Amino acid sequence: MFRWLLGGKEPQVGAEKTTVLNIGEEQIQNPYTELTALKGHHDIVRFLVQVDDNRFASACDDGSVLVWDLQTGEVLFEFHGHNQKITAIAVFPSSETYHVKANLILTASSDKTVIAWDCESGQQWGKTSDFHSTVKTLIVVQSLDVWLSGGSELRVWNRNFNLLGETGCFSDGGILALIELPKNCVAAAVGKDLIIFKISMSKELDKWDIFQMKCLSGHQDIVRTVINVNELTFVSGCDAGELIVWDALDWSIQGSERNFPHMYPQQDSPPENRLLPPQEEVSIQHLSSDRECVYVAVGRGIYVYNLYTKRVIAFQKNAHDSSIQHMANIPNRQLVSCSEDGSVRIWELRSKPQLQAESVPAGFFTMWSFGKGNKQSNQTVKKMNENGIVASLELIGDLIGHSSAVQMFLYFQDHGLVTCSADQLIILWKEGKRESRLRSLLLFQKLEQNGDLQFRYSPH
């Protein structure tokens, strides 16, 4: 059932007072003014994954997986095969090249199993349980029609769950993150290092080789998040607050930034709130990119690192009341973030007008001439260049519907946002104007079919 979203947010009871930005009740730039809550799970809903343009799947700490219809909000399939919480999920798409028509959902669990579910029949496709520890990450390499599992070891599997190859066991907690790189390579986050592996078919039938190509030791602490930016670049972040930009072909360092929370003082906060954040808020918890910039979630703050200028160009130190759980870019230079505080916020990256934040000295417009009188002007411009903050993250929407930590979300161009939470709910956030047009169109179509209208209605 839909209800209107009024916006606005009261601080959590007992929460520490912060200078977090509050948009208020009038959110004229927020398109998501309608919501519907979906109930089906009975524990924390931790993962969402897009199956196709009209379906998504949700995974819960009770081990269940549900497949939903985006338009109707109905549960299409319920998968029950795990007896502990889901730790990773991925979609193995259908393939015309390999003559496979069904999309598969891969789920890993703390019960040390991985199961594949057929999204067309609703049946279990395959299952394997021969793991030394919990599988923490799954990726699909479509070009090779294989999938990889990362835990205490890296393993390569085909669609039929045949083990094609594996590495030895890793210490330091095993593999925390995996991404695909060009030329059949992958990057695995293991402790403080990124290990580059190349996978290729062996001379033996149904066997694959996994070669360790390089160990990248640029970080000073545990690497928890790695993302692809484009075909030539990937980025990693660690618990010490370090961001490193890597070349995806030769694996060299292209840029870096460290200690995000310490970079800029919070000008509008009282002195007692300007202290360095506790250690847990220094960690880079999530990364996102629009191919031009990398958005870095550090504690409850968001920093925007430009890949061309190699510096931070915008930031919001207190984007949420609590730590950010998930973040992703959507069209029109917008970003969505969700937090432990139960909020989902929409941001827009906007360029600042030149010289907006600086007072212009009298001699500014003649600063390119010679003379001692222009020294102050040159220092002003130098200060602006050193600061590098040439854009701002503007809050344009605050989606308040969950009563507990929001774990993650999905964006669908034609359907809006889908969020999941520790409150066991899934919420569909829809564009109010679009939904209103669709309802009007449906009403006029029904009236026309009943002969009550003598003209055709146009939604335009």
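The values are calculated or read from the model by the stated rules, or taken from the named source; none is laboratory data. Fair warning: this is a prediction, and the values are worked out from it, not measured in the lab. Methodologically, a virtual Cβ is constructed for each residue, glycine included, from the backbone with ideal geometry; neighbour enumeration extends over all protein chains shown. When the accessible area is computed, the model is the full protein with side chains, heavy atoms only, and any ligands, DNA or RNA have been set aside. Shrake-Rupley method; radii C 1.70, N 1.55, O 1.52, S 1.80 Å.
One residue alone among 440, 377 is in a helix (DSSP H, G or I), at pLDDT below 95 and touching a helix residue (DSSP H, G or I) at 6+ places or on another chain (Cβ under 7 Å), and that residue is 377. Every test in (1) more than 27 Å from residue 401 (Cβ to Cβ); (2) open to solvent by 30 Å² or more (accessible area, probe 1.4 Å); (3) touching a Phe, Trp or Tyr at 6+ places or on another chain (Cβ under 7 Å) is passed by residue 129 save one, and that test is (3). Taking segment 300-314 as the range and being farther than 20 Å from residue 344 by Cβ and among the hydroxyl-bearing types (Ser, Thr, Tyr) as the test, the residues that pass are 305, 308, 309. Taken over segment 411-435, the criterion of being more than 11 Å from residue 33 (Cα to Cα) and in a helix (DSSP H, G or I) is satisfied by no residue. Mind counting the residues in segment 145-176 that are assigned to a loop (DSSP other than H, G, I, E, B) and under 25 Å from residue 191 (Cβ atoms)? Looking only at that region, the number is 11. Of the residues screened, residue 218 is one that is part of a loop (DSSP other than H, G, I, E, B), within 24 Å of residue 289 (Cα to Cα) and at pLDDT below 95.
So which of 407, 354 ends up being at pLDDT 55 or above, within 26 Å of residue 318 (Cα to Cα) and open to solvent by 70 Å² or more (accessible area, probe 1.4 Å)? Sole residue among the options that is at pLDDT 55 or above, within 26 Å of residue 318 (Cα to Cα) and open to solvent by 70 Å² or more (accessible area, probe 1.4 Å): 354. When 4, 68 are checked against the criterion of being open to solvent by 10 Å² or more (accessible area, probe 1.4 Å), aromatic (Phe, Trp, Tyr) and either under 21 Å from residue 434 (Cα atoms) or modelled with pLDDT of 95 or more (or both), a single residue qualifies: 4. Of all the criteria given as (1) under 19 Å from residue 411 (Cα atoms); (2) in contact with a strand residue (DSSP E or B) (Cβ under 8 Å, 6 or more places away or on another chain); (3) not in a strand (DSSP E or B), the one not satisfied by residue 90 is (3). Checked against the criterion of being surrounded by fewer than 20 Cβ atoms within 10 Å (Cβ to Cβ), basic (Lys, Arg) and not in a loop (DSSP other than H, G, I, E, B), segment 197-205 contains one or more residues that satisfy it. If the condition is being farther than 19 Å from residue 92 by Cα and either open to solvent by 10 Å² or more (accessible area, probe 1.4 Å) or basic (Lys, Arg) (or both), then segment 42-65 contributes 42, 43, 44, 46, 61, 62.
Given the condition among the small types (Gly, Ala, Ser) and under 20 Å from the mean Cα position of the chain (by Cα), answer yes or no: does some residue in segment 65-82 qualify? No, segment 65-82 has no match at all. The number of residues in segment 75-97 being over 21 Å from residue 146 (Cα atoms) and of a type in the set (Asp, Glu) comes to 1.
Looking across segment 206-215 at every residue that is outside any loop (DSSP other than H, G, I, E, B) and out of contact with any Gly (no Cβ under 9 Å at 6 or more places or on another chain), the one that is least open to solvent (accessible area, probe 1.4 Å) is identified as 215.
Every residue, every condition in (1) surrounded by 20 or more Cβ atoms within 10 Å (Cβ to Cβ); (2) more than 23 Å from residue 430 (Cβ to Cβ); (3) modelled with pLDDT of 95 or more, yes or no:
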{"position": "282", "(1), (2), (3)": "yes, yes, no"}
{"position": "297", "(1), (2), (3)": "yes, yes, yes"}
{"position": "302", "(1), (2), (3)": "yes, yes, yes"}
{"position": "305", "(1), (2), (3)": "yes, yes, yes"}
{"position": "323", "(1), (2), (3)": "no, yes, no"}
{"position": "326", "(1), (2), (3)": "yes, no, yes"}
{"position": "332", "(1), (2), (3)": "no, no, no"}
{"position": "336", "(1), (2), (3)": "yes, no, yes"}
{"position": "347", "(1), (2), (3)": "yes, no, yes"}
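Residues in segment 132-144 that are open to solvent by less than 20 Å² (accessible area, probe 1.4 Å) and assigned to a loop (DSSP other than H, G, I, E, B): 135 only. Of all the numbered requirements in (1) surrounded by fewer than 17 Cβ atoms within 10 Å (Cβ to Cβ); (2) modelled with pLDDT of 95 or more; (3) not aromatic (Phe, Trp, Tyr), residue 109 misses one, and that requirement is (1).
For segment 87-106, taking the residues that are touching an Asp or Glu at 6+ places or on another chain (Cβ under 7 Å) and open to solvent by less than 30 Å² (accessible area, probe 1.4 Å), the one that is farthest from residue 156 (Cα to Cα) is identified as 102.
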